[in-house]
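All remarks here apply to the structure that follows.
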Amino acid sequence: MTDPRTIWKTQPNEENAMSDLAALRARAARFEARVRLRNVALYAYSAFSILVSLWLVARGAFPAMRWPMLLMVGAHLFVLWQINRRINARRLPAEIAARPALDFHRGELERQAEGLSRAWLWYMVPFLIPFAWELGIMASRIHSGEAPPEAPRLLVIFIVVAVCFWTAVLLAFSRAALKAQLQIARLDALKAE
Amino acid sequence: MTQDEQYLQAMAEFGTALGRLARAYEPDADLRHDLLQDVSLALWRSFAGFAGQCSLRTWVYRVAHNTAISARVRRRKGRLVSLDELAGIAAPDDPEGAAGRAHVLERLHRLIRRLAPPDDQVMLLYLEDQDAAEIAEITGLSAGAVATRIHRVKQLLTRRFQQESET
């Protein structure tokens, strides 16, 4: 039987259109466009939320909630800046060959693990502070008898939904961070061999 | 040399090897085409920072493997195993026998796809005739770890292919 290495090296080739520089530049342009589109979608969502909040504040729709709503706008801007910073921190293409595969893979996992393990700080806390403030205002209005009769029930629903949602988010982030850490430990063991 | 010239030279020398790498990692034709395009694009961009830090061959293989790792981690299906674990797994029943180049090739692809990094890379680079020092430079494993893995790869290939052809 022929050596598997010989069979491997003499396998039929598939045509690679990327040997052509024009095709390569077209692919690069499509890649850049896709990144721009993804960023535009992210900014559009945040811009929508910010504009709605500002519009409500300007109209004086919920006067008691004015400051927590403005803080929520600040939270959106902060999280947006964090996401943008983390996207931009990704390795420059030229650096992809500067490190061996093991180190490159570890670096990618480390970046992922760092972002995920601190997500409670940069993603959750900015939204939770104004949200808790809003709940506090609702509770004090209920306590002083200024709120409508259905307010206590609504407050309980808000709290239950928020606790379930943010716990699920925290668990998802923690699980992903743990998986990345385990993979890093595995790569470290390989490196130490 | 300009970035474009370096890229064209690399493609002329290693284009077929990159095709083999894409084929090894990706059974689906469309995804394979995407992977090959991603590798080619990463390679072209990487030449903006290439100043002879290592040989062209090492540079090309590093870019290719690093790009493939990212794609593999994103699209991973099922559990990947080490060379040790794979050696302990019985070869699937093969009613058609081990003969036939296409058949051997398909089985090699399946073996590589089951392996976790960096064992898959060592096997792939061994099949590409890279020596232990080059494999260590590309993967980042120590020379000793590479030697151990090459030994296991050889054993695995012998067990899976040579013995069957003898019987």
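For B:Thr139, B:Thr2, B:Thr16, B:Thr158, the sequence from fewest to most other C-beta atoms within 10 Å is B:Thr2, B:Thr158, B:Thr16, B:Thr139. In this structure the amide hydrogen of B:Val81, modeled in the peptide plane, comes within under 5 Å of the amide hydrogens of B:Leu115, B:Ala116, none closer than 5 places in sequence on its chain. Here the protein assembly as shown is treated with +1 on each Lys and Arg Cβ and -1 on each Asp and Glu Cβ, and its dipole about the Cα centre works out to around 1120 debye. Look at A:Leu102, A:Leu42 and count the other Cβ atoms within 10 Å of each Cβ; fewest to most, that gives A:Leu42, A:Leu102. Which whole number gives the average count of other chain Cβ atoms within 10 Å of the Cβ atoms across peptide A:144-152? Per residue, the average neighbour count from other chains is 0. For peptide B:43-53, the mean count of partner chain Cβ atoms within 10 Å of a residue's Cβ comes to 4. Only helices enter the 222 nm calculation for chain A: every DSSP H run of n ≥ 4 contributes -39,500 (n - 2.57), and dividing by all residues gives -26500 deg cm²/dmol, rounded to 500. For B:Gly140, the residues whose amide H sits under 5 Å from its own are A:Ala101, A:Leu102, ignoring neighbours fewer than 5 places away on the same chain, with H placed 1.01 Å from N. The phi torsions of the stretch A:123-140, fed into the Karplus equation with coefficients 6.51, -1.76 and 1.60 and a -60° offset, translate into couplings of 10, 8, 4, x, 7, 5, 4, x, 5, 5, 4, 4, 5, x, 5, 4, 5, 5 Hz, rounded to whole numbers, with Gly and Pro shown as x. Taking one quarter of the surface of the C-alpha convex hull of the protein assembly as shown gives a mean projected area of 23.6 nm².
Spacing of the modelled spin labels on A:Leu178 and A:Ile157, each 7 Å from Cα toward Cβ, amounts to 3.4 nm. Here the Karplus curve 6.51 cos²θ - 1.76 cosθ + 1.60, taken at θ = phi - 60°, turns the phi angles of the stretch B:112-124 into couplings of 4, 5, 7, 7, 7, x, x, 4, 4, 5, 4, 5, 4 Hz, with x standing for Gly and Pro. Each residue, A:Ala29 and B:Asp131, gets one label point 7 Å from its Cα in the Cβ direction; the gap between the two is 4.5 nm. Magnitude of the charge dipole for chain A, about its Cα centre and with charges confined to Cβ atoms of Lys, Arg (+1) and Asp, Glu (-1), is about 220 debye.
Note on chain B: helix-only mean residue ellipticity at 222 nm, from DSSP H runs of 4+ residues weighted -39500 (n - 2.57) and normalised by residue number, equals -22000 deg cm²/dmol.
Once C-alpha pairs closer than 8 Å and six or more residues apart are averaged by separation and normalised to the residue number of chain B, the relative contact order reads 24 percent.
Taking B:Leu111, B:Leu141, B:Leu18 in turn, the Gaussian network model of chain B (Cα-Cα springs below 10 Å) assigns the largest fluctuation to B:Leu141. For peptide B:135-147, the mean count of partner chain Cβ atoms within 10 Å of a residue's Cβ comes to 3. Dividing the convex hull volume of the alpha carbon atoms of chain A by its residue count gives 206 Å³ per residue.
As a rough footprinting exposure proxy, the listed residues A:Tyr45, B:Tyr61 were ranked by other beta carbons within 10 Å of their own, and the order from fewest upward is A:Tyr45, B:Tyr61.
With a simple spin-label model that places each label point 7 Å from the Cα along the Cα-to-Cβ direction, the separation between A:Val169 and A:Leu128 comes to 1.0 nm.
Values quoted throughout were computed directly from the atomic coordinates according to the rules given, and no laboratory measurement underlies them. Since the structure is predicted, the reported quantities are computational estimates derived from the model, not experimental observations. Quick reminder, even Gly has a Cβ in these numbers, built from the backbone with ideal geometry, and neighbours come from all protein chains shown.
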